[in-house]
Amino acid sequence: MTNLPDPVFYPPFLITRASHVRLTSRDIKASRDFYTSLLGMIVSDETADACYLRAAEEAGHHSLVLQQCAPDAEPECTAIGMRVLTEAELDKAAVWLLGRNLPVEWVELPHQGRTLRTRDAVGVPVELCATMDVVDRRFGDLNAPAAYAKRLDHYQLFTPDALGHTEFYAKLGFRIADAMFVGDDLEGTFLWRKGNTHDLVLFSGTGPKLHHFAYTVSEPAQVLRACDKAGDLGLGHTIERGPGRHPLDGALYVYFRDPDGHRVELFDGHYQTIDAELDPHVVQVKDNPQPWGLPGQRSWYFEASPFQGAPQTDPAIARTAPTLEDYLDRVNAEKGI
Ligand SMILES: [Fe+2]
């Protein structure tokens, strides 16, 4: 079986958590309405061509930035954002990245402190900052229409090189909570910085692409309540997968596709991982089916948002998946239908 990288407890600079994601939208008003009416997100600021949103618990100015693109353009993710502990960590990051011939660009962005843009070892655009404008937390606002999303938790990516990509982030102090294998081949890793099971999930697939970004809710009932809300708004068709139960962390989840096809997850939380003696939890994919419910649609397994300016590459071993379509074909064949 592939050797997983050892943990790095004292990384070259301190990333603290997944922070914010930037997406392009063909119809920014439709996308804004989706995130505010269904997920209860709050508009922190908006301009003619951008909308800055945050979730109910968040004191940082934005965790989602929507940027208008041409109506016929393919919607993309232009960056995943990570927080570093202090501004000094940004300078350490610049030295480390330049030492590996990775790009370093200092950019001025609204409502953020000094920001460093780079690309990781697989070409994913990553944005590092230490601070944002501080705004009010709204979790106690009983007049909020539907405050399901509480705070941004993680990103999940398709990567053509699951092991190499995992090794890159392990050098930066990301620890592995769970690792999934198919035989001897690494299928995916769940990597964390903030102390629960993941800030970043890397799964083998044509990429790099953004599979989804995820917000926590405060209690399991809110996952179901969000589904009801989707139905009430005439958005039931935007539920792509779930509600269901994740096999590795026991979280209740649901996945939506926004008006541009970007995928967002709501889920009810993870377990704690901080302690130094914890080794990665290693499992075989075949031994870890979801506890109940139907498999995901083919689209959930194979569709994802491209990253701007990042060429796509196939993984060495083509991905297979237990799709809903294959499951129904098999069941129908067994019944002679
Ligand atoms: Fe997720």
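A few remarks follow.
- Placing dummy labels 7 Å off each Cα toward the beta-carbon, the span from Val8 to Ser37 is 4.6 nm.
- Dipole magnitude for the range 134-215: computed about the Cα centre from +1 point charges on Lys and Arg Cβ and -1 point charges on Asp and Glu Cβ, it is near 480 debye.
- Between the range 243-300 and the range 62-93, the Cα center-to-center distance that results, in Å: 24 Å
- Each of His246, Pro220, Phe302 was scored by the projection of its Cα onto the charge dipole of the range 192-320, and the greatest displacement toward the positive side belongs to Phe302; charges sit on the C-beta of Lys, Arg, Asp and Glu.
- Beta bridges from DSSP with both residues in the chain: antiparallel share about 70 percent, rounded to the nearest 5.
- Estimated dipole of the range 273-328 in Debye, rounded to 20 [Cβ of Lys and Arg +1, of Asp and Glu -1, Cα centre]: 260 debye
- Radius 15 Å from Cβ of Asp258, net charge of other residues (Lys, Arg +1; Asp, Glu -1): 0
- Ordered by solvent-accessible area of protein heavy atoms (1.4 Å probe), largest first, the residues Glu127, Glu76, Glu219, Glu108 come out as Glu108, Glu219, Glu76, Glu127.
- Taking the chain and dividing mean pair separation by its residue count, relative contact order in percent (alpha carbons under 8 Å, at least six apart): 19 percent
- Relative contact order of the range 46-203, defined on C-alpha pairs under 8 angstrom at six or more residues apart (%): 20 percent
- Around the Cα centre of the chain, unit charges on the Cβ atoms of Lys, Arg, Asp and Glu (plus for the first two, minus for the last two) sum to a dipole of about 220 debye.
- For Leu157, distant residues with modelled amide H under 5 Å away: Val201, Leu202, Phe203, His211
- With at most 16 neighbouring Cβ atoms within 10 Å, loop chymotrypsin sites (Phe, Trp or Tyr not before Pro) (DSSP) excluded, longest segment of the chain: 140-270
- For Tyr271 and Val95, the difference between the fully extended length at 0.36 nm per residue and the C-alpha to C-alpha distance is 60.0 nm.
- Rounded if a/c under 1.5, otherwise prolate or oblate - the range 203-337, Cα gyration tensor axes: rounded
- Checking the Cα-Cα distances for Lys29/Lys229; Lys194/Lys229; Lys171/Lys286 against a 24 Å cut-off, the pairs over it are Lys194/Lys229; Lys171/Lys286.
- Added length on full extension, which subtracts the Cα-Cα distance from 0.36 nm per residue, Asp287 to Asp326: 12.2 nm
- Only Cα pairs under 8 Å and 6+ residues apart enter the sum, and on that basis the relative contact order of the range 145-251 stands at 32 percent.
- For the range 110-240, the residue among Pro125, Val182, Tyr155 whose Cα projects farthest onto the positive side of the dipole built from Cβ charges is Pro125.
- In this rough spin-label picture, where each label sits 7 Å from Cα along the Cβ direction, the Glu303-Lys335 distance is 2.5 nm.
- Subtracting the Cα-Cα distance of Asp45 and Asp228 from 0.36 nm times their residue separation leaves 63.1 nm of extension gain.
- Where GluC sites (Glu not before Pro) fall in DSSP loop in the range 266-337, at most 11 other Cβ within 10 Å: Glu277
The values are calculated or read from the model by the stated rules, or taken from the named source; none is laboratory data. Keep in mind that what you see is a predicted model, and the values were worked out from it rather than measured. Cβ coordinates were reconstructed from backbone atoms using ideal geometry, including for glycine residues, and neighbour counts include every protein chain displayed. These area figures cover heavy atoms from the full protein model, side chains too; ligands, DNA and RNA do not enter into them. Shrake-Rupley method; radii C 1.70, N 1.55, O 1.52, S 1.80 Å.
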